[in-house]
Amino acid sequence: SISRGSIGRLSRFSTTAGDTLSRKAHVISLIANTALLLGKSYVYWKSQSMAVLASLIDSAVDMVAQGVLMVANRIVTDRRDEQNVRYPAGRSKLESIGVVACAFVMVMAAAQVIQSAVNELLGAPRLLDVGLLNMCIMASTTVVKLGLWAWCKEVFRKTHNVTVEAVAQDNLNDVLTNAVALGSALAAASIAPLWVVDPIGAILLSLFIIGSWVSTAIEQVEMIIGRSADAEFLDVVREMAETHDPGALLDCMRAYHFGPKFLVEVLILTLTLTLT
């Protein structure tokens with residue numbers, strides 16, 4: 001007697017649907033990032049821009065991060081232990097742990113860029129050489145990342161996979177960092193007194209990266225330690241528990257995160273009528 005609407009609304013909270021699609025998102029993003037990393041490495045080699053370096057290190061750590069997330073996603077979606085013999089509670093927490101580990105690596109790398117940029121600000125002025133080819137490479141990188149972000153957001157909407165959400169956020173970060181890096185490098189190369197824009201841009205980019213990943217890490221840690229489910233999810237589960245059997249009475253219910261998934265506890269009292 002569970003309503004079809006309840007099942008439909010609850011199904012969108014599942015993180016097991018669309019495993020193939022989520023894996024595809026990881027693979028395509030990894031391939032694209034590899035190509036874009038090579039392009040940004042060339043731009044930094046030619047221009048020696050600190051802002052481009054910040055964006056380059058962001059992309060380099062992204063490669064490591066996406067590798068970790070892809071491995072975590074494959075382990076979690078591995079169907080060889082379908083009966084959960086070795087892992088009775090499943091392995092979904094591994095995805096959240098992978099996101100936290102990536103956040104730590106990203107914060108450390110961004111801190112190193114800030115240190116280098118501050119040292120450059122304290123040194124002698126340095127003019128940059130940014131050519132047309134370099135500008136085209138950075139601009140194309142921004143466009144590709146924007147497309148990847150939109151596609152990964154759509155994949156996340158369908159699969160609700162937290163690692164795909166992390167990849168989508170990473171792509172959006174790259175859109176912003178690439179745009180700021182390109183603008184900072186152009187400003188520093190065009191007008192001599194604006195040489196400080198490049199290291200300042202690197203510092204601002206690094207602070208943005210740190211803030212973004214710290215926020216993501218906090219959210220994932222809350223999921224690992226068991227944050228309560230949102231009100232919409234609780235309402236759906238409560239409706240299913242109250243309407244599945246007319247002879248049952250819902251006594252208490254709670255749902256909380258178990259990694260990206262939810263653990264639901266429901267206590268139902270059965271009503272027995274005796275006719276004499």
- request: For Ser92, list long-range residues whose amide hydrogen, built 1.01 Å from N in the peptide plane, is under 5 Å from its own amide hydrogen.
  value: none
Residues whose placed amide H lies under 5 Å from that of Ser228, excluding near-sequence neighbours: His257
message: I'd like the Karplus ³J(HN,Hα) series for region 22-34: coefficients 6.51, -1.76, 1.60, θ = phi - 60°, whole numbers in Hz, and an x wherever there's a Gly or Pro.
response: 5, 5, 4, 4, 5, 5, 5, 5, 5, 5, 5, 5, 4
statement: With a 1.4 angstrom probe the carbon and sulfur portion of accessible area for region 192-239, in percent, totals 70 percent
- request: Could you name the aspartates and glutamates whose alpha carbon sits less than 17 Å from that of Lys158, not counting residues in the same chain fewer than 8 places away?
  value: Asp19
query: What list of ³J(HN,Hα) couplings, whole Hz, do you get for region 109-120 from phi and the Karplus terms 6.51, -1.76, 1.60, once you set θ to phi - 60° and write x for glycine and proline?
result: 5, 5, 5, 5, 5, 4, 4, 5, 5, 5, 4, 5
- prompt: Nearest 0.05, what FRET efficiency do Lys46 and Arg74 give at R0 = 30 Å with Cβ-Cβ as r?
  reply: 0.20
field: Accessible area (Å², per residue) of region 126-276, counting only protein heavy atoms and a probe of 1.4 Å
entry: 51 Å²
- request: Please list, in chain and number order, the residues 5+ apart from Ala248 or on another chain whose amide H is under 5 Å from its amide H, with Hs placed from the backbone.
  value: Leu271
- request: Only Lys, Arg, Asp and Glu count, each charged at its Cβ (+1, +1, -1, -1), so figure out the dipole size of region 140-276 about its Cα centre, rounded to 20 debye.
  value: 400 debye
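What's the carbon and sulfur percent of region 89-154's accessible surface, probe 1.4 angstrom, rounded to a whole number? Show your work: numbers first, answer last.
Values: 2500 of 3400 Å².
On region 89-154, the fraction of accessible area on carbon and sulfur atoms equals 74 percent.
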statement: Diffing region 143-159: the Karplus 3J(HN,Hα) column from phi (6.51, -1.76, 1.60, θ = phi - 60°), in whole Hz with x for Gly and Pro, holds 5, 4, 5, 5, x, 5, 4, 4, 5, 5, 5, 5, 5, 5, 4, 7, 9
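The values are calculated or read from the model by the stated rules, or taken from the named source; none is laboratory data. Predicted model only: the values in this text are computed from it and were never measured. Cβ: placed from backbone, ideal geometry, glycine included. Neighbour counts: every protein chain shown. To get the accessible areas, we keep the full protein, side chains included, count just its heavy atoms, and leave off ligands, DNA and RNA. Shrake-Rupley method; radii C 1.70, N 1.55, O 1.52, S 1.80 Å.
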